[in-house]
Amino acid sequence: MEYRVLENEYVGEGMYYLKVGGEFEAKMGQFYMLRAWDKFPLLSRPISIYRIEEDGISFLYKLVGAGTNIISNLKKGDPIKMEGPYGNGFEKVEGKVALVGGGIGIAPLYMVGENIENCDAYLGFRERPILEEEFGKVTSNVYTTSGDTLITDILNVEKYDYILACGPTPMLKKLLEMTEGTKTRIQVSLENHMACGVGACLVCTCKTHSGNKKTCKDGPVFWGEDVIL
Ligand code: FES
């Protein structure tokens, strides 16, 4: 489907905010396949949903190659093609919840904050924190780290019933270790490389205790006790 860009701007830490006009419905943690070109690059880019509003949907994306470079140059009113929403998102939970995001992994957590009560946000950045104020609108407390301090350094997992996390694999791995043997349950959204986004190419395969799964279709969100990182 073709839509129109409403806003597209750099927000810091290598990330851009893109808002596209239209009416959308999706679950927290799902993604869309985006493209703004015909033939090259071949593949559309999988981008996590950041927010759904009355007049449109927004995404946070990182400039990583030819496709996201083209997207970063889009202006208000430009056409963009989007398919989705795809994937299995975060499961709704009740209790005390920590949302843990690293880098571009913060993107899907905003919508979780909007949909789940009683969340604290832990956001890890490379150089300087961004979007703290935004996350403050949908969570009780926002904690950030940057530089040499990792977000996992300041999190006490036992304070929470659930951790909902998205970010680089080493961060997710660390969180699985931290929650192991505790009562805290964790859902992780994987950032595996994707190609088709719809379960047809197997590029995104990940390991779970019940065999290989497709990150795009069976995930990207998995319960910590199921996935093997
Ligand atoms: Fe093709 Fe997942 S990206 S199967």
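The values are calculated or read from the model by the stated rules, or taken from the named source; none is laboratory data. Only a predicted model underlies this, so the values are computations on that prediction, with no experimental measurement involved. Cβ: placed from backbone, ideal geometry, glycine included. Neighbour counts: every protein chain shown.
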Quick check: anything in the range 45-56 within 24 Å of residue 167 (Cβ to Cβ) and in contact with a Gly (Cβ under 6 Å, 6 or more places away or on another chain)? yes
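For the range 8-30, what are the residues that are in a strand (DSSP E or B) and crowded, with 16+ Cβ neighbours inside 10 Å?
Within the range 8-30, 8, 15, 16, 17, 18, 19, 20, 21 meet the criteria.
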Residue list for the range 185-229, filter: assigned to a loop (DSSP other than H, G, I, E, B) and of a type in the set (D, E, K, R): 191, 217, 218, 225, 226
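Considering each of 164, 176 in turn, give the residue that is over 19 Å from residue 61 (Cβ atoms), away from the ligand (no atom under 15 Å from the Cβ), in contact (Cβ under 8 Å) with a residue 12 or more places away in the chain and not in a strand (DSSP E or B).
On the way: 164 fails: not in a strand (DSSP E or B).
The unique qualifying residue is 176.
Out of the range 107-122, which residues are under 12 Å from the mean Cα position of the chain (by Cα) and not in a loop (DSSP other than H, G, I, E, B)? It would help to see each step written out before you state the result.
So in the range 107-122, the residues under 12 Å from the mean Cα position of the chain (by Cα) come out as 107-112.
Within the range 107-122, 109, 110, 111, 112 qualify.
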Of all residues in the range 149-190 being β-branched (Val, Ile, Thr) and under 18 Å from the mean Cα position of the chain (by Cα), which is nearest to residue 229 (Cα to Cα)? 169
Give the residues of the range 130-152 that are part of a loop (DSSP other than H, G, I, E, B) and either closer than 24 Å to residue 31 by Cβ or among the β-branched types (Val, Ile, Thr) (or both), sorted by residue number. 130, 131, 137, 138, 139, 149
Just checking, does the range 77-92 include any residue being closer than 23 Å to residue 196 by Cα and of a type in the set (S, T, N, Q)? yes
Does the range 179-195 contain any residue that is at negative phi, modelled with pLDDT under 95 and hydrophobic (A, V, I, L, M, F, W, C)? yes
